[in-house]
Amino acid sequence: MNYLTDKLPHAVMIDGVAVPINTDFRICLRIIQAMEDPQLMEHEKLTVLVTLLYHPDIPDNTALAIEQGLKFLNLGENADISRLRQPQVYSLNKDSTYIYTAFKSTFNIDLNTVDDLHWWKFRSLFSDLGKDCFFNTLISLRSRKNSGKLTDSEKEFVRNNPDVISLSERRQSSAVQDFISKIGRRG
């Protein structure tokens, strides 16, 4: 596919028919989040994929719809299984603020207000975010931490900022949870 001369796909072929898909990056990000959610079972993840990508008309050939949907999410290529086994260095949920600001500072694109940004455009831009943005610095730190190649100053930064470096979602303290539950009971 040549991004300069070809139009981006807005449909996939299923049983010889071009079936329209939802190509907006927000829909695809929701699908990716579901696919990465360890609490969802495999069939639940695939249900999210089919439901969101093909809404409102889900194809009858669900198996092919899943296959074509995964291929679309992977920019028209079959999934590379070895790539899936690499250590994760970012989280769409936890790092959403940094991703948002990286798009804003690198491309001056406000992801909250942009209309219908095609998934393939989003992925292309995502892979070319500015090297000086904090998001790329964070990915670099996490990658080098995983490989044991941090400098002394980077090790200190990692020690002093575990909540930023860690990919696990921070849980609220029980005091905060109690406070929130008490507020919820008012009214």
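Show the residue pairs meeting these rules: Cβ distance below 9 Å; 6+ apart or different chains; first residue within region 106-118 and farther than 20 Å from THR137 by Cβ and touching a residue at least 12 places away in the same chain (Cβ under 8 Å); second residue open to solvent by 40 Å² or more (accessible area, probe 1.4 Å) and assigned to a loop (DSSP other than H, G, I, E, B).
HIS118/HIS10
Tell me, yes or no, whether region 55-63 has at least one residue that is in contact with a Leu (Cβ under 6 Å, 6 or more places away or on another chain), at pLDDT 95 or above and assigned to a helix (DSSP H, G or I).
no
Name the single residue, out of those in region 12-49 being small (Gly, Ala, Ser) and out of contact with any strand residue (DSSP E or B) (no Cβ under 7 Å at 6 or more places or on another chain), that is modelled with the lowest pLDDT.
Among them, the one singled out is ALA34.
Filter region 88-112 for residues that are farther than 17 Å from ARG30 by Cα and either assigned to a loop (DSSP other than H, G, I, E, B) or touching a His at 6+ places or on another chain (Cβ under 6 Å) (or both) and give the result.
Of everything in region 88-112, those that are farther than 17 Å from ARG30 by Cα and either assigned to a loop (DSSP other than H, G, I, E, B) or touching a His at 6+ places or on another chain (Cβ under 6 Å) (or both) turn out to be GLN88, VAL89, ASN108, ILE109, ASP110.
So ILE58 ticks every box in (1) closer than 21 Å to LYS121 by Cα; (2) among the β-branched types (Val, Ile, Thr); (3) open to solvent by 50 Å² or more (accessible area, probe 1.4 Å) but one. Which box is left unticked?
It fails just one condition, (1).
Filter region 28-54 for residues that are assigned to a helix (DSSP H, G or I) and among the hydroxyl-bearing types (Ser, Thr, Tyr); which is nearest to ALA18 (Cα to Cα)?
Of everything passing the filter in region 28-54, THR51 is nearest to ALA18 (Cα to Cα).
If only one of ASN146, ASN108 is open to solvent by 40 Å² or more (accessible area, probe 1.4 Å) and at negative phi, which one is it?
Selected residue: ASN146, the only one of ASN146, ASN108 that is open to solvent by 40 Å² or more (accessible area, probe 1.4 Å) and at negative phi.
List the pairs whose first member sits in region 120-135 and is more than 14 Å from ILE109 (Cα to Cα), whose second member is hydroxyl-bearing (Ser, Thr, Tyr) and not in a helix (DSSP H, G or I), and whose Cβ atoms are under 8 Å apart, counting only residues at least 6 apart or on separate chains?
TRP120/TYR3; TRP120/THR23; PHE135/TYR90
Has region 157-175 got any residue that is open to solvent by less than 70 Å² (accessible area, probe 1.4 Å) and either at pLDDT 95 or above or within 25 Å of LEU73 (Cβ to Cβ) (or both)?
Within region 157-175, one or more residues are open to solvent by less than 70 Å² (accessible area, probe 1.4 Å) and either at pLDDT 95 or above or within 25 Å of LEU73 (Cβ to Cβ) (or both).
The values are calculated or read from the model by the stated rules, or taken from the named source; none is laboratory data. All values derive from a computational prediction rather than experimental measurement. With ideal geometry, Cβ positions are generated from the backbone for all residues, glycine too; neighbour counts draw on all protein chains shown. For accessibility, only protein heavy atoms count, side chains too; no ligands or nucleic acids. Shrake-Rupley method; radii C 1.70, N 1.55, O 1.52, S 1.80 Å.
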